[in-house]
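The values are calculated or read from the model by the stated rules, or taken from the named source; none is laboratory data. For clarity, every value in this text was computed on a predicted model and none was experimentally measured. Cβ coordinates were reconstructed from backbone atoms using ideal geometry, including for glycine residues, and neighbour counts include every protein chain displayed.
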Amino acid sequence: MDGTGTVPITADVLIDGDRIRAVVAPGGPAVDAAADRVVDVSGRLVTPGFIDLHAHDDLAVGVRPDMSFKVSQGITTVVVGNCGNSASPLAPTDAGAAERLQVAMGPAPDPISWTSMAGYLDWVESCAPAVNVAALVGHGGVRLAAGVEWGRASAAERTAMCRIVADAVAEGAVGMSSGLIYHPGREADEQEVAQLARAAVQAGGLYSSHIRDEGDAVQDAVAEALRIGDAAGRPAHISHLKAMGPANWGLVPGLIDSIARAGASFDVYPYRAASTYLTDAVEVLGGAHVAPPADLVIAAAPGREDLVGRDFSELTAEWSCDLAEAVHRVDAETSGRCVVVYFGMDEPDVIAAVTSPHGAYGTDGLPILTGRPHPRLFGTFTRVLRHYVLDTGALSVQAAVHKASGLPAALFGLPDRGVIRAGAVADILVIDPATIADRATYADPMQYSAGLDAVFVSGEPTWTAAGPTGIRAGRVLRHGR
């Protein structure tokens, strides 16, 4: 499967260095004689490497450069800097940057050696991760770097932030993201975000939005993102499309129609549960009436590891308190670092997003490898193949592969990625269709997927059925280079 969505063919693929030299169908010239090594992939699916459009691996690519939790599900490229939260820019005077980034992204290097996007990408390159890395510049990070943490930005402050965004794209960022449900992004009005998005687009990048509301006001929030894209001069990309809460179930097909009419796009993960920090989740829960306390489950609780796996119905009963008091107590006892998994999406909505031709896939997992992280961190892409393709037949295998490779490469401007053709970079998977499966569950989420015979990154074998090879051949994918 070449990643374009066309039907599979039987062919040989010749890799020369980090590129594909030829794709030869039966009856074409033999390639074995020209090869130093022949890999028999009879009965297997050969596909482009998968592209995770929504990752939070900004620090993990350097701190955990083997990236096994991504490579093991077929991911060869991650896009970081999502939800308005990126590892750069940083103000030189920001003494709390390391702690803030560690809370949001997992373990951080000590010291942090960069302030700019160029410096960050150089650091990633020096760490030689196993996956390719493209980066967005986060609107929230831009606000903090410009000293605009609270309230509306002045005209002068907006101009300064536009310069920061344009510089980041010039230094290699593929665009700007916003997280309008999080601080400090939610302090911004639509006009500010549109002005900064326009700066990103004029520099050659795109605009990706974690919209302002995914619950009761999700329709208005999607409309706002589409208006921002229109004002910026390039259709917006909407992150992890969903409609939280029973009152909003059934809205996703209509949201997809609106996105399609605008020429926009989105990404999605194939699960009914979301995950974020406790205080942010409760704000969403309160607005969308998403779920009872039993559906709010603790995934990580630094300092109170005994709480991992417990839900808030248990805690409110044990502590004889209401949900608000239990949340306050857990938040205080974990120093604001409690992560939860919360259920609130409807399966028909998930199916609509997973199967739509306008959507790609993203894990959205926090790379905090303690407790019980959301299984999407380890299993997103293989779950699509196992559950939605092979088990339920909700979409064809070629459509799923396209949405995992060729489509995201086209959406985010990643040339020579996401396709199998002569001249493309040799990011390639060898998949056993009989055994491919996600093994990560909510109860046991840190499990590698099954059924990946081989993962090649830039022509180098990075993963086999036996596990990681130790070879790390990922590249930094700088915009315009």
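Only a single criterion out of (1) at pLDDT 95 or above; (2) closer than 26 Å to residue 184 by Cβ; (3) among the hydrophobic types (A, V, I, L, M, F, W, C) is not satisfied by residue 317, namely (2). Scanning the range 312-351 for residues that are surrounded by 13 or more Cβ atoms within 10 Å (Cβ to Cβ), among the polar types (S, T, N, Q) and touching a residue at least 24 places away in the same chain (Cβ under 8 Å) yields one hit, 334.
Pairs meeting the criteria (first residue in the range 147-166 and at positive phi, second residue among the basic types (Lys, Arg) and surrounded by 20 or more Cβ atoms within 10 Å (Cβ to Cβ), beta carbons under 8 Å, at least 6 apart or on different chains) are lacking.
Scanning the range 365-419 for residues that are outside any loop (DSSP other than H, G, I, E, B) and touching a helix residue (DSSP H, G or I) at 6+ places or on another chain (Cβ under 7 Å) yields 377, 378, 381, 384, 385, 388, 389, 397, 400, 404. The range 425-481 holds strands (runs of 3 or more DSSP E) entirely within its bounds, and those carrying 2 or more residues that are in contact with a helix residue (DSSP H, G or I) (Cβ under 7 Å, 6 or more places away or on another chain) map to 460-464.
Which residues, taken from the range 441-458, are in contact with an Asp or Glu (Cβ under 7 Å, 6 or more places away or on another chain) and among the hydrophobic types (A, V, I, L, M, F, W, C)? If you could, list the steps in order and put the result at the bottom.
The first filter runs over the range 441-458 and keeps only residues in contact with an Asp or Glu (Cβ under 7 Å, 6 or more places away or on another chain), leaving 449, 451, 453, 456-458.
Across the range 441-458, the qualifying residues are 456, 457.
Would a scan of the range 224-232 turn up a residue that is farther than 25 Å from residue 55 by Cβ, modelled with pLDDT under 95, among the hydrophobic types (A, V, I, L, M, F, W, C) and over 23 Å from the mean Cα position of the chain (by Cα)? Talk me through it step by step, then tell me what you get.
So the first thing to find is which residues in the range 224-232 are farther than 25 Å from residue 55 by Cβ, and the list is 227, 230-231.
Restricting the remaining residues to those that are modelled with pLDDT under 95 gives none.
No, the range 224-232 has no match at all.
Pick from 116, 209, 177: which is surrounded by fewer than 21 Cβ atoms within 10 Å (Cβ to Cβ) and among the hydroxyl-bearing types (Ser, Thr, Tyr)?
Numbers: 209 fails: surrounded by fewer than 21 Cβ atoms within 10 Å (Cβ to Cβ); 177 fails: surrounded by fewer than 21 Cβ atoms within 10 Å (Cβ to Cβ).
Going through 116, 209, 177 in turn, just one is surrounded by fewer than 21 Cβ atoms within 10 Å (Cβ to Cβ) and among the hydroxyl-bearing types (Ser, Thr, Tyr): 116.
Which numbered condition in (1) surrounded by fewer than 22 Cβ atoms within 10 Å (Cβ to Cβ); (2) under 12 Å from residue 175 (Cβ atoms) is the only one that residue 236 fails? That leaves (1) as the condition not met.
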